[in-house]
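Please read the structure below before turning to the comments.
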Amino acid sequence: MALREIFPRLISEARAKSSTVGVVSIDIDQFKAINDAFGHAVGDEVLKSTARRLQHLAPPGGVVARLDGDSFVVLTPGLDQPRVAELANRVISSLAEPFDLDSGTRVFISASVGYAIGLRDGDTGDELIRRAELAVERAKADTTEAAVAFVPDMDAEVTYRLMLEAALRASIADDTIDVVYQPLMDPSGRQLLGVEALARWTDRELGAISPDIFIPLAEEAGLIQNIGELVLRRAVADARAWPDVNIAVNVSASQIHHGNVVEVVRDVLSRAHFPAERLEIEITESVLLADEKRANEQMRGLQALGVRIALDDFGTGYSSLQYLRRFGFDKLKIDRSFIDGAGEPLGSSVVLASIIKLGHDLGLTITAEGVETEEQRRWLQLAGCHQLQGYLFSRPLTAAQLTAFIAARRADTAVAS
Ligand code: C2E
Ligand code: CA
Ligand code: CA
């Protein structure tokens, strides 16, 4: 029987008896990886065994259903909150036991579990499932080992997100996303080599929103292509005022995987008559994890235009040295979390030194980001970094401020010589 028919019955029973109906939502973590690693036949076996284990845990009168792909729901009529919570946590530990499949394969999985309780958290099946799934999302985000209960805050968060997304959409349409530029200096810290273009969003009502919030939001909402293109156009236009300065633009994974970034870059460069050699594209490792073949094609396409490619935030992800070799990067940007260690006697400075050495061996240009102190600068200079970026030299600047920054430096050099 379909959930659509079961729910109204369970809900009216709960209402009649002043009782409850728990909705436990279960999502297998990274199920795609299991399919990829073991094949679909094994994936299907895992899903079947999962359903059997859930069936086993369900209370009398309970219902187990598969929603889509790798998510399940268990309906628990008559259980009060503590017992729904207990069952939800038992689901987690039960699914953490290894799966010894008929095929002889042993597979380990983990699941994220959330729950909502009718009629307290909703009085329709759709509403209860939606809210149990919000709790699952929270469980995933918190990487907690425990089941998560729905709380009304989660609804408020969704409402806030939707509001933020609408505001971002409007700002893109009004062309009110700004671009600022952070200098990249030579290791002495005196000469400007290039700038990194960074998006800024100040909403008329909400005020300034951090890129750490609006960039992921734009990625999820499918707006990152627009922002990426806008930043690139603006940067190329602004950079005409700074003839010897290279510009670096961030490109996120979904632009590589779902967009036509090669055509966009070619189009922007040719319209502006901007030399490709002055443009760098920064991408993060996450780009390479999703679809290697496509990532490779897009990178080759960009390099064929004459654009250089930097691996951004190196050291934060898998930091596979394989990637560096296999994907033919031109440049390595060491994440600022490592720079704190520059000059420290032990530990992190050893790692940092070996990353720099590796970059040298591979013939890459090495940039250190997040340089904040003179001690760090000196250490990084001696270690052989080619470019430095950070608050020590400058915060990100508006186009007008950067023009002034360049003029001031020129005046300095004139006095010095
Ligand atoms: P990112 O690409 O790693 O950019 C460098 C970030 O480090 C910038 O943060 C910059 O302001 C900050 N930073 C630079 N020097 C220092 C320092 O010395 N100390 C500290 N504590 N921070 C420093 P921002 O502008 O907030 O950007 C955050 C992230 O948002 C960027 O990290 C990038 O991943 C993303 N982002 C920004 N603009 C764009 C864009 O146009 N497109 C895409 N796809 N992502 C963007
Ligand atoms: Ca960057
Ligand atoms: Ca970075």
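Where a number appears in this text, it was derived from the coordinates with a stated rule and is not lab data. Computed from a predicted structure; not experimentally measured. All Cβ positions, glycine included, derive from the backbone under ideal geometry; neighbour counts span all protein chains shown.
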Subject >> Size-normalised alpha-carbon gyration radius of segment 248-318, reference 2.2 N^0.38 Å >> reply: 1.07
Original post:
Of the lysine pairs in the chain, how many meet both conditions: Cα atoms under 25 Å apart, and a spacing of 8 or more in sequence or different chains?
Top reply: 8
**OP:** May I ask for the angle, rounded to the nearest 10°, between helix 348-361 and the longest principal axis of the chain, with both axes built from Cα atoms and the value confined to 0 to 90°?
**Re:** 70 degrees
Original post:
Hey, got the dipole for the chain? About the Cα centre, +1 on K and R Cβ, -1 on D and E Cβ, debye to the nearest 20?
Top reply: 460 debye
**OP:** With both partners inside the chain, how many of the DSSP beta bridges are antiparallel, as a percent to the nearest 5?
**Re:** 60 percent
Subject >> Alpha-carbon spread of segment 231-373, three principal axes, descending order, Å >> reply: 51, 36, 24
Original post:
Any idea what angle helix 292-305 forms with the longest principal axis of the chain, computed on alpha-carbon atoms, 0 to 90 degrees, nearest 10?
Top reply: 20 degrees
**OP:** Do me a favour and compute the ellipsoid semi-axes for the chain from its Cα gyration tensor, root of five times each eigenvalue, largest one first, whole Å.
**Re:** 50, 25, 20
Original post:
Around residue 296, with a cut-off of 13 angstrom between Cβ atoms, what is the net charge of the other residues, counting Lys and Arg +1 and Asp and Glu -1?
Top reply: +2
Original post:
Taking the inverse of the average 1/r across all pairs of different Cα atoms in segment 334-417, what Kirkwood radius in Å do you get?
Top reply: 14.1 Å
Original post:
So how tilted is helix 81-96 from the main axis of the chain? Cα-based, degrees 0 to 90, rounded to 10.
Top reply: 70 degrees
Original post:
Using the alpha-carbon centroid of each, what span in Å lies between segment 231-258 and segment 70-136?
Top reply: 45 Å
**OP:** Would you kindly work out the equivalent ellipsoid of segment 170-215 from its C-alpha gyration tensor and give its semi-axes, the square roots of five times the eigenvalues, largest first in whole Å?
**Re:** 29, 10, 8
Original post:
Tell me, what ³J(HN,Hα) does each residue in segment 136-150 have, in order and in whole Hz, if you take phi through Karplus 6.51 cos²θ - 1.76 cosθ + 1.60 with θ = phi - 60° and put x for Gly and Pro?
Top reply: 5, 4, 5, 4, 5, 5, 7, 6, 7, 8, 9, 5, 10, 8, 5
Original post:
How would you classify segment 120-194 from its alpha-carbon gyration tensor, with a ≥ b ≥ c the square roots of the eigenvalues: rounded for a/c under 1.5, else prolate if a/b is greater than b/c, otherwise oblate?
Top reply: oblate
Original post:
From largest to smallest, what semi-axes in whole angstrom does segment 145-255 give when each is the square root of 5 times an eigenvalue of its alpha carbon gyration tensor?
Top reply: 33, 17, 12
Subject >> Within a Gaussian network of the chain (alpha carbon springs, distance under 10 Å), most fluctuating of 67, 358, 192 >> reply: 67
Subject >> For the chain: relative contact order, % (alpha-carbon pairs under 8 angstrom, 6 or more apart) >> reply: 11 percent
Original post:
With the chain treated as a Gaussian network of Cα nodes joined by springs under 10 Å, which of 66, 336, 278 yields the largest mean-square fluctuation?
Top reply: 66
Original post:
Among 307, 262, 46, whose mean-square fluctuation peaks in a Gaussian network model of the chain (Cα, cutoff 10 Å)?
Top reply: 46
**OP:** Before rounding to the nearest 500, sum -39500 (n - 2.57) across all DSSP H runs of length at least 4 in the chain and divide by the residue total; then give [θ] at 222 nm in deg cm²/dmol.
**Re:** -16000 deg cm²/dmol
